[in-house]
Structures are given as C-alpha cells and as structure tokens.
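Here, each number is a calculation from the coordinates, and none is a lab measurement. What you see is a predicted model, and the numbers here were worked out from it, not measured in a lab. Backbone-built Cβ (ideal geometry, glycine too); neighbour counts: all protein chains shown.
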Amino acid sequence: MTVNALFHGILSDWVGVKTTSFDLPAKATYADLLREIGLRYGSNMPPQLWDHEAHIFNGPVLAEASGKVVESNAHLLQEGDEVRLYLMIAGG
C-alpha cells in the first residue's frame, strides 16, 4: 500500500523533502513507516532528533494520519494515508 509522508517545518529541511511516498505492506503500522523513514532519511537527521538504531524520533514529534493524531507506534495505517509530521517546539 502507498502512504504519503509530509514533513513540516525544520523536519523537511533535515530530511531534504517536504513530501514523499512509501510503499508499505498491507496492515503496516506507524512503526513500519518510521523504519522506512529511518532507512531513507535517518542519516540526514541529527542524533538529538532521530534514534538511528531504534528507528524512532527522539524528540517531540507529532504525527497525524489522515487528520487523526497517531497515539502509538502500533497505529495501523491505511492505503492512501497522509501522515503529517511536526516537530513540536516552543519559543518565547
């Protein structure tokens, strides 16, 4: 199945693209998507943001899949989902 990932803000600078597609197996989870993101873009991300061994974000990243917040890595993805990724930062 095809899932689209949209990287917002500085995340798009680190990975080098604003949007991309991933071909994932049926019944893929958010963890499967993270693994693919890591394989494709992990080397572009700083270690304080990306855990290169576990293939997960270290920092506070909000993920939405087709308008719903992804609550866990076990979240099932659907064909055609748009997964939006935001780095949650605070400023003053």
In Å³ per residue, the alpha-carbon convex hull of the chain encloses 93
Output ordering of 80-87, 22-29 (per-residue mean of other Cβ within 10 Å, highest first) is 80-87, 22-29
Taking Lys and Arg as +1 and Asp and Glu as -1, residues besides residue 65 with C-beta under 15 Å from its C-beta add up to -4
Note: residue 62 to residue 49 extended length (0.36 nm per residue) minus current alpha-carbon separation gives 3.4 nm
Helix 30-41 sits off the longest principal axis of the Cα atoms of the chain, rounded to the nearest 10 on a 0 to 90 degree scale, by 60
